[in-house]
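Undergrad: Before anything else, here's the structure in question.
The values are calculated or read from the model by the stated rules, or taken from the named source; none is laboratory data. Note that the structure is a prediction, hence the values are computed from the model and not measured. Note that each Cβ is placed from the backbone with ideal geometry, even for glycine, and that neighbours are counted across all protein chains shown. Accessible surface areas use protein heavy atoms only, side chains included; no ligands, DNA or RNA. Shrake-Rupley method; radii C 1.70, N 1.55, O 1.52, S 1.80 Å.
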Amino acid sequence: MPLYLGVDDTDSLRGMCTTFLATELVRTLSAWDLIGYPRLLRLNPNIPWKTRGNGAICLRLGRGRGRAFPVGAIGGRTVLAYPRCGARASPSDGLVEAVEGVVETWSEFEDPTTNPAFVLLETPPTPALYWRAVRGIVAKEEALAAVRGRGIWREYKNGRGVIGATAATAWRPRDRTYEILAYRHPSRWGTRRTIPSDAVQALDTSFPSTFNNYDSENGRVAVAPRTPCPVLCGIRGDDPRELPAALASLGGERPDRWLVFETNQGTDDHITRNPREAVPGTTVEIAGIVASHPTTIRGGHVVFPLRWREPIDVVAYEPSKQFRAIVRALAPGDRLRVVGAVRETPRSVNLEKLEVIGLAPLLSKAGNPACFHCGKRMKSSGRAGPFRCRRCGTRRPRSDAVVVPLPRGISTRWYEPPVGSRRHLSMPLKRSSPGSRNERVVGRTPRRASPSFSRGADTVPTTALAFSRAL
Ligand code: ATP
């Protein structure tokens, strides 16, 4: 069994990136073999103390067995990983000191919100710890209890990073995707990135297993962060073998190094389905009925009340851009399945995607009814009064008005926000639509074809829980 090295909470909004630190670990720990791909885990996107995308990393180290395969390039050398581990590994030969050296060199200690930690475990903790960390809140004590007896941990400042570091080692993939992350030469950090937009747009067709590349409705490249961090770009996909070629096809700024990560991004792992109650800080999938027409409130956010176990407001925030048009088209009586993060105050669900299960007929009055006796068109006798025939005096109730069904503009299927507004963990409909690789493997969530409506935007108010593609 390999050694499990988990690291978290080393970066800040001003710079760095825990995945870059992973490349430094790979470079420094070259006396050890990588077993399997390096891992990048996204944990609960709703925890208030995350910096950006709540990412943590895990490397599995040991003596490799089997046929080595390339997973990256650092300093002009190919990084190889092995499918299996030989003899049981233990943290000897200065491994702990080497990891300490890298973490202490690259962590953003000056930032008050950065609380680095790493764990080095001979056996991984139970996967239940991962599930709690991706869906709920884990206490530091709980993470430490999982570490004890399995190996060592090191923590800095308040050491909160031990939660994510341990959870990253506890992941046993039920579903997985991959991301190739390319990094910039340090001399370019903080400068403008040159990534040809047409090459990014071509990824979807040239490398069909990739996803979330380009936000076509908003004309935005989604593979590159906008922060001053070392990342040049990241391409996500289902087939790790396609990713190096996809990266090479971009042209533009030459990466200094790159590494392919196995990830839980785009897997929906963070969703609690059909919960008994909507617990703040969790992401839920609940089915209910639209209680009244959606309204647009200040800031451009769109809100509607959903009848569920308890009545709850559902909000599509402004950064979800064109997705709000779908929400505005909902009407009372529509049956929905909504996925979103539960917010404490005001209690609401921050919409991540939705399925229209059933559409209520929306009727519009087209005219007054005809008289039963003489066939003449009847007259209205006031707003609430019955219809009356002027010729013979016959009456008919208001409910007899001639109505026509209004076109709804939406249909029964799943809808999601534009590429630039999606959460790291959210499964894009491209992955779950009929015939996709993932539907065959996982067979979960969206059961219908991906939408053709528009996409857009990049960040959401922090209170509304960030959507941004932070790497
Ligand atoms: P990145 O920038 O790498 O995407 P991030 O910077 O947004 O990630 P961190 O800086 O790693 O996030 O901060 C998240 C902190 O929250 C870490 O200390 C981590 O241990 C902790 N954490 C992660 N998930 C949970 C959870 N479910 N419950 C409690 N604490 C958590």
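Undergrad: If only one of PRO91, PRO70 is open to solvent by 30 Å² or more (accessible area, probe 1.4 Å) and at pLDDT below 95, which one is it?
TA: PRO91
Undergrad: Restricting attention to segment 367-406, report how many residues are part of a strand (DSSP E or B) and open to solvent by less than 70 Å² (accessible area, probe 1.4 Å). Let's see the steps before the verdict.
TA: Kept after step one, since they are part of a strand (DSSP E or B), are these residues of segment 367-406: 367, 370, 377, 379-380, 387-388, 395-396, 402-405.
If we keep only those that are open to solvent by less than 70 Å² (accessible area, probe 1.4 Å) as well, we get 367, 370, 380, 387, 396, 402, 404.
Number satisfying all stated conditions: 7.
Undergrad: From the list GLY101, GLY62, pick out the single residue that is assigned by TED's automatic domain parsing to the domain that holds GLY151, more than 21 Å from HIS424 (Cα to Cα) and open to solvent by less than 10 Å² (accessible area, probe 1.4 Å).
TA: GLY62
Undergrad: Just for segment 120-141: of the residues that are within 25 Å of the chain's Cα centre (by Cα), open to solvent by 30 Å² or more (accessible area, probe 1.4 Å) and not basic (Lys, Arg), which one is nearest to the ligand (Cβ to nearest atom)?
TA: ILE137
Undergrad: Considering segment 86-116 alone, what residues qualify as being within 16 Å of the ligand (Cβ to nearest atom) and either among the basic types (Lys, Arg) or under 21 Å from PRO230 (Cβ atoms) (or both)?
TA: VAL102, VAL103, TRP106, SER107, GLU108, PHE109, GLU110, ASP111, THR113, THR114, ASN115, PRO116
Undergrad: May I pose another question? Looking at the structure I just gave you, is ARG383 of a type in the set (D, E, K, R), farther than 27 Å from GLU217 by Cβ and modelled with pLDDT of 95 or more?
TA: Working: of a type in the set (D, E, K, R): yes; farther than 27 Å from GLU217 by Cβ: yes; modelled with pLDDT of 95 or more: no.
Considered against the rule, which asks whether it is of a type in the set (D, E, K, R), farther than 27 Å from GLU217 by Cβ and modelled with pLDDT of 95 or more, ARG383 comes out as no.
Undergrad: Let me ask something additional. Having 2 or more residues that are of a type in the set (A, V, I, L, M) and without any contact (Cβ under 8 Å) to a residue 60 or more places away in the chain is the bar; report the strands (runs of 3 or more DSSP E) wholly within segment 8-115 that clear it.
TA: Per the criteria, 33-35, 55-62, 77-82.
Undergrad: So, one more: Kindly provide the set of residues from segment 144-180 that are among the charged types (D, E, K, R) and at negative phi, ordered by number.
TA: Of everything in segment 144-180, those that are among the charged types (D, E, K, R) and at negative phi turn out to be ARG148, ARG150, ARG154, GLU155, ARG160, ARG172, ARG174, ASP175, ARG176, GLU179.
Undergrad: Now, a different point. Answer yes or no: is there a residue in segment 166-188 that is open to solvent by 20 Å² or more (accessible area, probe 1.4 Å) and of a type in the set (Val, Ile, Thr).
TA: There is no residue in segment 166-188 that is open to solvent by 20 Å² or more (accessible area, probe 1.4 Å) and of a type in the set (Val, Ile, Thr).
Undergrad: Quick test for you: out of LEU80, LEU34, LEU3, LEU59, pick the one residue that is within 16 Å of the ligand (Cβ to nearest atom) and either under 30 Å from ASN350 (Cα atoms) or modelled with pLDDT of 95 or more (or both).
TA: Among LEU80, LEU34, LEU3, LEU59, only LEU59 is within 16 Å of the ligand (Cβ to nearest atom) and either under 30 Å from ASN350 (Cα atoms) or modelled with pLDDT of 95 or more (or both).
Undergrad: Please verify whether SER364 is closer than 30 Å to ARG398 by Cα and of a type in the set (Gly, Ala, Ser), treating the condition exactly as stated.
TA: Spelling it out, SER364 is indeed closer than 30 Å to ARG398 by Cα and of a type in the set (Gly, Ala, Ser).
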